[in-house]
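Just below is one structure, and these are the notes that go with it.
What follows is calculated from the coordinates using simple rules that are stated; it is not laboratory data. Quantities reported herein were computed from a predicted structural model and do not represent experimental measurements. Note that we place each Cβ from the backbone using ideal geometry, even for glycine, and neighbour counts take in every protein chain shown.
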Amino acid sequence: MTPAPRSSQVGVGEPAPDFTLDDQHGRPVTLSELLRERCVVLYFYPKDDTPGCTVEACSFRDQYEVLREAGAEVVGVSSDDVAAHGAFVARYNLPFVLLSDARGSVRAAYGIKRTLGLIDGRVTFVIDREGVVRHAFSSQIRPKKHVEEALRIVRSLAV
């Protein structure tokens, strides 16, 4: 399923576009299926094994159990292929799935722009179990802040 591209980023209160992408094992993962179990922290990042993306992934790894206990699943998305994701997960012992958006269709459906027209944007969405975006945070240069913001919102949803 390929959602339609958007001219602007998906906003708070809007439905999150559903999608299916392959994970680091080549298995299809569908957003709506994940939402049946818990809310989703969906983070888009530029590229595996780059400094900022590694910091971000390891920050999500280090807070993963806290996020799970608060009721969320973490899912990372980049244009890297399945093999690159598999190596990245193994190298940094990441406990969550990374999805391959090689064509950029999901990034386009969420309206995520490139930074300076060159680098894929770094945006994190918190999506509630009804599939509604409850928070969006965009910062190319503050990768750890994505985790802090996500945890704050996930905790507020659990109240």
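Some points to look at:
- Charges were assigned to the Cβ only: +1 to each Lys and Arg, -1 to each Asp and Glu. The resulting dipole of the chain about its Cα centre is roughly 420 debye.
- Sorting 76-83, 46-53 by their mean Cβ neighbour count within 10 Å, with the most densely packed peptide first, gives 76-83, 46-53.
- Label point 7 Å beyond Cα of ILE119 along Cβ direction - residues of the range 34-58 with amide nitrogen under 17 Å: 44-58
- ARG27-ARG142 pseudo-label distance in nm [points 7 Å out on the Cα-to-Cβ vector]: 3.6
- Hits among aspartates and glutamates - C-alpha to C-alpha of LYS145 under 16 Å, sequence gap 8 or more where chains match: GLU56, ASP62
- Summary: within the chain, the longest segment free of GluC sites (Glu not before Pro) located in DSSP loops with at most 12 other C-beta atoms within 10 Å is 38-129.
- Rounded D (µm²/s) - the chain, Kirkwood Rh over Cα pairs, Stokes-Einstein at 37 °C, 0.692 mPa s: 215
- Equivalent-ellipsoid semi-axes of the range 4-66, from the Cα gyration tensor, Å, largest first: 22, 16, 15
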